[in-house]
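Novice: Could you have a look at this structure, given as structure tokens, before my questions?
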Amino acid sequence: MRWLIDGHLDLAWNALSWGRDITLDLDRLNRDEVGMTDHPSRGRATTTLPEMRRAGIVVCQATLLARVKPEARRPEGHARNSLDFANQEIASAAARGQLAYYELLERRGLLQMIRTSSDLDTHWERFTTGSHDEPIGYILAMEGADPIVEPSQAVEWWNLGLRSVNLAHYGKSRYAVGTGDDGALSREGVQLLKEFEQLGMILDATHLSDTSFYQALDIFHGPVLASHNNCRALVPDGRQFGVATPTAQSTTSSTAIDCGFFASICRHESTTLARAPRTRNRTS
Ligand SMILES: [Zn+2]
């Protein structure tokens with residue numbers, strides 16, 4: 001068996017918002033959705049805990065996923081699987097609910113939160129050398145930082161086990177600008193990165209727009225990873241890292257630099273990546 005770390009899974013969102021019991025076999029879960037018409041993704045769930053175990057996943061980054069989009073006012077109202085909430089307090093409470101689900105799966109012995117590097121070492125050793133029936137480890141991650149209601153609340157989330165945060169998801173957020181738009185970090189976004197540095201929180205650069213991405217790398221000196229994106233040379237899409245900005249182009253046109261922008265330091269097979277090297281020349 002080749003043991004793996006999965007860099008990004010929205011397990012709790014699937015359970016709480018899609019009504020998917022992720023403790024079931026995948027075939028059973030998808031069979032249960034046959035005939036459901038609310039979304040084209042019904043019957044096409046991609047993973048569950050038993051499926052992860054079969055694949056040799058020892059650890060995953062498991063997300064909390066809730067964002068603030070008060071402008072999202074659909075005539076038909078919000079679907080239960082909507083990610084969009086009216087304000088940060090509501091998004092924060094929704095994310096706490098997702099965390100509560102992970103905690104209940106821990107109580108059943110199906111998941112184990114990884115909070116420290118020694119937790120990771122111990123878990124990896126036990127899982128890979130034992131009978132392989134240990135709980136799957138999870139590093140608590142947040143996709144889009146809106147549930148952190150203000151920078152000073154980051155410590156509360158840290159104490160709850162949060163270790164990795166994307167500042168934004170799609171479009172503008174309180175802290176940064178994400179996929180599909182472009183713009184700088186907000187003043188609060190800069191403050192939040194300072195809090196992350198103090199805590200040791202990992203910045204997940206996925207979904208940051210070009211301007212927010214490079215600004216974050218310039219001012220943040222903590223650990224950085226990119227959990228689920230590629231480079232535009234391979235996947236021509238705004239969500240991927242590219243050399244679209246004039247400042248970035250001043251450094252190099254080498255695809256190799258783009259693709260290798262983040263160097264892996266994780267000791268295990270993983271998409272968990274290291275601090276980005278300063279390969280870009282500053283022009284301003
Ligand atoms: Zn994403």
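Novice: What are the pairs, 6+ residues apart or on separate chains, where a residue within region 79-101 that is touching a residue at least 12 places away in the same chain (Cβ under 8 Å) and closer than 18 Å to GLN153 by Cα has its Cβ under 8 Å from a residue that is aromatic (Phe, Trp, Tyr) and assigned to a helix (DSSP H, G or I)?
Specialist: So the pair list comes out as GLN98/TRP13.
Novice: Let me ask you something else. Looking at GLN61, GLN88, which is the one that is over 24 Å from ASP6 (Cα atoms) and either buried (at least 20 other Cβ atoms within 10 Å of the Cβ) or in contact with a helix residue (DSSP H, G or I) (Cβ under 6 Å, 6 or more places away or on another chain) (or both)?
Specialist: Result: GLN88 is the single residue among GLN61, GLN88 that is over 24 Å from ASP6 (Cα atoms) and either buried (at least 20 other Cβ atoms within 10 Å of the Cβ) or in contact with a helix residue (DSSP H, G or I) (Cβ under 6 Å, 6 or more places away or on another chain) (or both).
Novice: With assigned to a helix (DSSP H, G or I) and not charged (D, E, K, R) as the only criterion, which of SER227, SER212 stands out? Walk me through it before giving the result.
Specialist: Working: SER227 fails: assigned to a helix (DSSP H, G or I).
Testing whether each residue is assigned to a helix (DSSP H, G or I) and not charged (D, E, K, R) leaves just SER212.
Novice: Being closer than 25 Å to LEU83 by Cα and more than 14 Å from the ligand (Cβ to nearest atom): is that true of PHE220 here?
Specialist: Here the answer is no, as PHE220 does not meet what is asked.
Novice: Run TRP3 past the list (1) over 22 Å from ASP146 (Cα atoms); (2) within 16 Å of the ligand (Cβ to nearest atom); (3) among the aromatic types (Phe, Trp, Tyr) and report the number of the one that doesn't hold.
Specialist: Result: TRP3 passes all but (2).
Novice: Moving to a separate point now. Has region 111-125 got at least one residue that is among the aromatic types (Phe, Trp, Tyr), at pLDDT 95 or above and either within 14 Å of LEU64 (Cβ to Cβ) or not in a strand (DSSP E or B) (or both)?
Specialist: no
Novice: Next question, about the same structure. Which of the residues belonging to region 133-180 are in a strand (DSSP E or B) and of a type in the set (Asp, Glu)? Lay out the reasoning, then the answer.
Specialist: So in region 133-180, the residues in a strand (DSSP E or B) come out as 136-143, 162-166, 170, 172, 177-179.
Passing the criteria: only GLU143.
Novice: Search region 156-185 for residues being within 16 Å of the ligand (Cβ to nearest atom) and among the aliphatic types (A, V, I, L, M), and hand back the single one that is surrounded by the most Cβ atoms within 10 Å (Cβ to Cβ).
Specialist: LEU167
Novice: Same structure, new question: Just to check your reading of the model, which residue among ARG44, ARG2, ARG74 is touching a residue at least 40 places away in the same chain (Cβ under 8 Å) and not in a helix (DSSP H, G or I)?
Specialist: From the options ARG44, ARG2, ARG74, the qualifying one is ARG2.
The values are calculated or read from the model by the stated rules, or taken from the named source; none is laboratory data. Everything numeric here is computed off the predicted structure, so don't read it as measured data. Every residue, glycine as well, gets a Cβ built from its backbone with ideal geometry; the counts of neighbours run over all protein chains shown.
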